[in-house]
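The values are calculated or read from the model by the stated rules, or taken from the named source; none is laboratory data. Given the structure is predicted, the values throughout are model-derived calculations rather than measurements. Here the Cβ positions follow ideal geometry from the backbone for every residue, glycine too, while neighbour counts run over all protein chains shown.
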Amino acid sequence: MKSSLLICLASSTLALAQVPDPPSNAAPQPAAPPASQPANSNGGSSFLGKDVPFFNPGSEIVSWDGKNWNINNNRVFEARFEKYLNAPPSTTEADREYEAILEQIMDKLSPSRITPKSTDEAFQLLAKASQFQEDANLCDSIAYQVYSAWLAKNNNERVSAANKGLEDERKRLEWNAKITAAGNRLDGPTSKGEGVAAEWAKQEQLKRDMEMQPLITRIAEIQALIKTNQLKREVAELQIKIEFQALIVQHFLQRRFQHAVIGTRFYRNVFADGDSQLRVGEDAKSLFAKTTGLPPTMGTIDSLANEIMRDVREGAQAFKFLLEKNELQSASKRLAETFIIGEYLPDIRTLSRDDKRKALAFVQKSNQLISALEVKDYTLAETLVKELNQTAQDADTSKPTAAIETARQVSAMHIAKARNAAVGGDKEALETELKAAMEIWPRNPALTEVSKMIFSQADVQSRALVDFDQLLSQKNYRQIFDDKMRFIAATSMYPEKQEELRKVLDDMQVIETAIIQAQEIEKRSNYAGAWESAEKAFLKYPNDNKLNQLRANLTIEASDFVQAIRKAQDLEGRKQPGSSLAWYLKAWNKYPQSEFAKEGVERLKKEVLPDAT
């Protein structure tokens, strides 16, 4: 819930400043909506768009109002974030004094300490806080709103006094009306006959009506004035509430959470009637209602603002800890996430410039790596991957490494085909394969070498075939793989040797992939998983020196796990299922993702407990 609201705040801040970029694989958008679609009631986009922003934590993509963008890959955010990372910390005497004043204001307005005197003192401190440049006159805005509310309250007291006077006059007139009615009885003489008595009663009734009419009219006028004054007072108070609430919501959406808390506490002190429901627009209400599931009230804003300030404080502490551990990738992400929400909070503003510069260097190098991959400069990308691995202990370079290796292999295949075409005299195929290799890796150093050597291979082919046969007989597949370009060109005219070479290269590709996978797992200190990955490849290809060396190193790193697996396998081979199962379980306990242990447990479970379902 809190995460969704934070993303909404960040999205509303960034999107109001920049039109988001569509994803690269998105379908083209229509130029204009169909005429039959209902338009917005005001003829344009609303304050927060047509829907509440949705954040996908897996892809870090925000979807909002029919558009998508990466929350960490946004031009406005990158510019603000880089400016912040290069800015000096807010640790001057003036900065400390300003934060102390804000804390003092919030302390004086806290529910446990608030009094009429503390309220007046907090109001006076608003003027003092607004003098600081960091405040941007936000405290002045709160002070003006509080002052306006107090003026409205005084005006309501005068209206109440006027109503009391009118109420007293109404009671006096009602009393006079009762006296008048009681003094004009209609039980006159009846001795002169019924006609005379009826005429006399009619005259008396008319006389009483004439005396009562002014009193009744005046009473009605007074009641109307009282109702009008009551309505004016309610409307004026409601208008002041709406203006005050709009200011508080504005501060909240601007991520000025300290000012939002100050505003809510002043609001509840000025309007002590217990009515804290938000009366702002539907878009602002939906931001809280749809993302938090809570009714939009002053209490909601106050609690959310305090929770966000706590979360930012925790994020800043996590950044410092990760930085101490040299985990720059996680530290940079945590700082970016915390900055986008708590940009104006002291926990973010007081971080040292040296610490921020470390994160900046990692972010810049990461962005440079992304750019290098986009333009297919895999030579530079490989260098940056090595630098990132040396700089940050937690750098996850598995994806760029895989992209580099894939490009290298595919480009090498095209170069090999180009060499084959050159040997076979197929100029068209030669040009096609060289073009394909250049499109995959434009700055591949092998392309330069091929351009110099492609037409000078005729006298070398026979020697290469001899070397290939010799290495093949020795089962030295690693050497064949390392020198595959020469052998691809040499075997181009011999289909049977091409088939032998293809099988060697396919097997070596599987081995290389397994080695890379094991090395990447090893970088995450998961030595048991890395050993198991290498062991699977070893079972199929036991003669590769490089794989054997990696497997031997990982065996030492994951010695306890390897010992448990081998002990279990040995006992299983001796037909001791109970003991073997125990060792498999021990290995599984050391590495819960182990496929060897899981398969062994499943296999022996059926043997030990054949009737178990």
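Would you confirm whether or not the range 280-295 contains a residue that is under 17 Å from ILE240 (Cβ atoms), among the charged types (D, E, K, R) and at pLDDT below 85? No, the range 280-295 contains no residue that is under 17 Å from ILE240 (Cβ atoms), among the charged types (D, E, K, R) and at pLDDT below 85. Touching a strand residue (DSSP E or B) at 6+ places or on another chain (Cβ under 8 Å) and surrounded by fewer than 17 Cβ atoms within 10 Å (Cβ to Cβ): is that true of THR350 in this structure? No: the conditions fail for THR350.
Of the residues contained in the range 95-104, one or more are found to be assigned by TED's automatic domain parsing to the domain that holds HIS251, surrounded by fewer than 17 Cβ atoms within 10 Å (Cβ to Cβ), in contact with a Phe, Trp or Tyr (Cβ under 9 Å, 6 or more places away or on another chain) and at pLDDT 70 or above. Within the range 553-579, the set of residues being touching a residue at least 24 places away in the same chain (Cβ under 8 Å), among the acidic types (Asp, Glu) and either part of a loop (DSSP other than H, G, I, E, B) or under 16 Å from ALA597 (Cβ atoms) (or both) comprises ASP560, GLU572. When ARG80 is tested against (1) surrounded by fewer than 17 Cβ atoms within 10 Å (Cβ to Cβ); (2) among the charged types (D, E, K, R); (3) modelled with pLDDT under 90, only condition (1) is not met.
Return yes when ILE308 is in contact (Cβ under 8 Å) with a residue 12 or more places away in the chain, among the β-branched types (Val, Ile, Thr), assigned to a helix (DSSP H, G or I) and touching a Ser or Thr at 6+ places or on another chain (Cβ under 9 Å) and no when it is not. Against the criterion (in contact (Cβ under 8 Å) with a residue 12 or more places away in the chain, among the β-branched types (Val, Ile, Thr), assigned to a helix (DSSP H, G or I) and touching a Ser or Thr at 6+ places or on another chain (Cβ under 9 Å)), ILE308 does not qualify.
Whether a residue is of a type in the set (A, V, I, L, M), out of contact with any strand residue (DSSP E or B) (no Cβ under 7 Å at 6 or more places or on another chain) and in contact (Cβ under 8 Å) with a residue 60 or more places away in the chain was assessed, and ALA359 passes this test.
The set of residues from the range 521-544 being within 36 Å of the chain's Cα centre (by Cα), among the hydroxyl-bearing types (Ser, Thr, Tyr) and not in a helix (DSSP H, G or I) comprises just one member, SER525. The residue of the range 222-259 that is surrounded by the most Cβ atoms within 10 Å (Cβ to Cβ), among those that are of a type in the set (Gly, Ala, Ser) and at pLDDT below 75, is ALA236.
Against the list (1) within 21 Å of GLN393 (Cα to Cα); (2) surrounded by fewer than 22 Cβ atoms within 10 Å (Cβ to Cβ); (3) among the charged types (D, E, K, R), the condition ASP311 fails is (1).
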